[in-house]
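The next block holds one structure in the form of structure tokens; read it before the comments.
The values are calculated or read from the model by the stated rules, or taken from the named source; none is laboratory data. Because the structure is predicted, anything quoted here is derived from the model rather than measured. Every residue, glycine among them, receives a Cβ derived from its backbone with ideal geometry; neighbour counts consider all protein chains shown. Accessible surface is based on the protein model in full, side chains and every heavy atom, while ligands, DNA and RNA are left aside. Shrake-Rupley method; radii C 1.70, N 1.55, O 1.52, S 1.80 Å.
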Amino acid sequence: MRVLQLITSTRSFFEQQVEALESQGVDCTVVSVPAEYSPDSPRTVRDYLRYYPEVLAEGLDSYDLVHANYGLTVPFALAQPTRPLVLTLWGTDIMGEYGWLRRLSRVGARAADETVLPSRAMASHLGQNYTHLPFGVDTDRFRPVDRDEARKRIGWDTDETVALFPYEKSRDEKDYPRARAVVEAADADVTLRTVSNVPYEEMPYYMNASDALLVTSRRESGPMVVKEAAACGLPVVSTDVGFVRDEFGDAPGVAVGTTNDELAAELDRTVADVDSLGDRERRRSVSPDVSVDLMGERLASLYECVAQGAA
């Protein structure tokens, strides 16, 4: 099977998705919007106008279907009327602050042959049938590593108790000021460390070097960092966003709070539990059904159903 993958810009979970699909025998061609994206230098209208002929130039008849990834790719996916369409929404497209993008995403979902949501938390924003297919985690990469070994690798002081904030401070929806307030309200002596713009393959070491992951986001479709932390055995303290409560509400090592006081209390309890382990044993609390390989199998099967239904 040959699939044309449309994206605005790549993400680590998307790259893993393509690798998993290709291991299932799905031949993927990825076409992304021209020009590099950064928050400080967003793409222009001209960049998107250049995207349309690039999509059409791919020789659509040679593909079995088109997979549009993220709501911004919807117009370009719908502009080709010949191939069946799978649409995966990533979260900020259907749950974000831009009303026009939310509407565009819903239009694409109604027109698509199949709509995929990686989180059930997104469903109330969609208002129609969908297939729930969580993004997978590379559990070979995200795995428990000795804490002191991880800290030596990244150059952290081995005596600190660290709460990891895994985002850029400037990202408003991640709410770094609240993370700082939670740490300040905690009774435990905890250092808040942020990490951003590091190679993806190094993230497991930052997680294993930490004592807790602190998520204070206002909104999320995931967040994927919770699954990755759980795969590393890193305890998580999080606001009630995305799939955290639904998928991890009863899992050991994942605590959900609503107020700053609740989050601070959970952080205190979490780091106390970590200290009580003595050897800083890492306990995985991630289900095996979130593996990248299983995600690839499920998505390849979905492709087959869509292609056969359109035949």
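Couple of notes before you dig in:
- Test result for residue 192, aliphatic (A, V, I, L, M) and open to solvent by 30 Å² or more (accessible area, probe 1.4 Å): yes
- The range 1-53, subset assigned to a helix (DSSP H, G or I), among the acidic types (Asp, Glu) and within 23 Å of residue 171 (Cβ to Cβ), residue modelled with the lowest pLDDT: 47
- Take the conditions (1) touching a residue at least 24 places away in the same chain (Cβ under 8 Å); (2) closer than 24 Å to residue 94 by Cβ; residue 245 misses just one of them, which is (1).
- Spans of strands (runs of 3 or more DSSP E) in the range 109-205 with at least 2 residues in contact (Cβ under 8 Å) with a residue 60 or more places away in the chain: 114-117, 162-165
- A count restricted to the range 54-77 and to residues that are within 21 Å of residue 14 (Cα to Cα) and in a helix (DSSP H, G or I) stands at 9.
- Screening 79, 68 for residues that are touching a Gly at 6+ places or on another chain (Cβ under 9 Å) and either of a type outside the set (A, V, I, L, M) or open to solvent by less than 70 Å² (accessible area, probe 1.4 Å) (or both) leaves exactly one candidate, 68.
- Any pair with Cβ under 8 angstrom, 6 or more apart, that starts in the range 251-270 at a residue that is without any contact (Cβ under 8 Å) to a residue 40 or more places away in the chain and over 14 Å from residue 215 (Cα atoms) and ends at one that is among the basic types (Lys, Arg) and open to solvent by 60 Å² or more (accessible area, probe 1.4 Å): 252/283
- Residues in the range 226-247 that are assigned to a helix (DSSP H, G or I) and open to solvent by 20 Å² or more (accessible area, probe 1.4 Å): 245, 246, 247.
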